[in-house]
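Enquirer: Quick one: structure below, then a few questions.
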């Protein structure tokens, strides 16, 4: 495998960070000898798309808080990520703003009393739309992976939904499951 391929495991992104630690993406990239950054292109309230509304149990178009980001690996687009939160959790918090969140959003959620207890991920291969293709700098006809991650709290209430689009040829998703 060439160095241009990214190996991604979900676990680092699901746990709150310790005080003083940076975000999980930068730390994960650094472990692999790479540089991980992100650019927030929008943050605030927006109407819930159909799939997000369904997962949150809301009517389509109901307001949610969204953070839209371009995830960069060595200054190249590696992923487009839209992260959604119920307004009851995120309205008026840093989740609704464009500033970087110290320790990342999962850490802030935990500080607000919302800790993930169950995560469901669905991955499908698809063709990108033209906007996604340009943003990810993929070749015409190159497929993408779409990963939807739903995080539920201890009461099985959804607290976060991540919708990610990644160039299929530059990704390798790794899942490790420990049965104890």
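The numbers here are math on the coordinates, done by the rules we state, and not lab data. In this text the structure is predicted, and so the values were computed from the model without any measurement. Note: ideal-geometry Cβ built from the backbone for every residue, glycine included; neighbour counts use all protein chains shown.
Enquirer: Quick check on packing: order 134-143, 98-107 by the mean number of other C-beta atoms within 10 Å, highest mean leading.
Expert: Going from most to least packed, we get 98-107, 134-143.
Enquirer: Among 164, 127, which comes first, then next, by fewest other beta-carbon atoms within 10 Å?
Expert: By the 10 Å Cβ count, ascending: 127, 164.
Enquirer: So, one more: Rounded to the nearest 5, what % of the DSSP beta bridges within the stretch 6-174 are antiparallel ones?
Expert: 90 percent
Enquirer: Here is a follow-up. Just want the ordering: 146, 172, from fewest to most Cβ atoms lying within 10 Å of their own Cβ.
Expert: Going from sparsest to densest Cβ surroundings: 172, 146.
Enquirer: Within a 10 angstrom radius of the beta carbon, how do 145, 109 rank from fewest other beta carbons to most?
Expert: 145, 109
Enquirer: Right, next: Please report the relative contact order for the stretch 47-180, taking Cα pairs under 8 Å with a sequence separation of at least 6, and give it as a percent rounded to a whole number.
Expert: 23 percent
Enquirer: The stretch 43-78 to the stretch 130-180: how many Å between their Cα centroids?
Expert: If you average the Cα positions of each part, the centres end up 12 Å apart.
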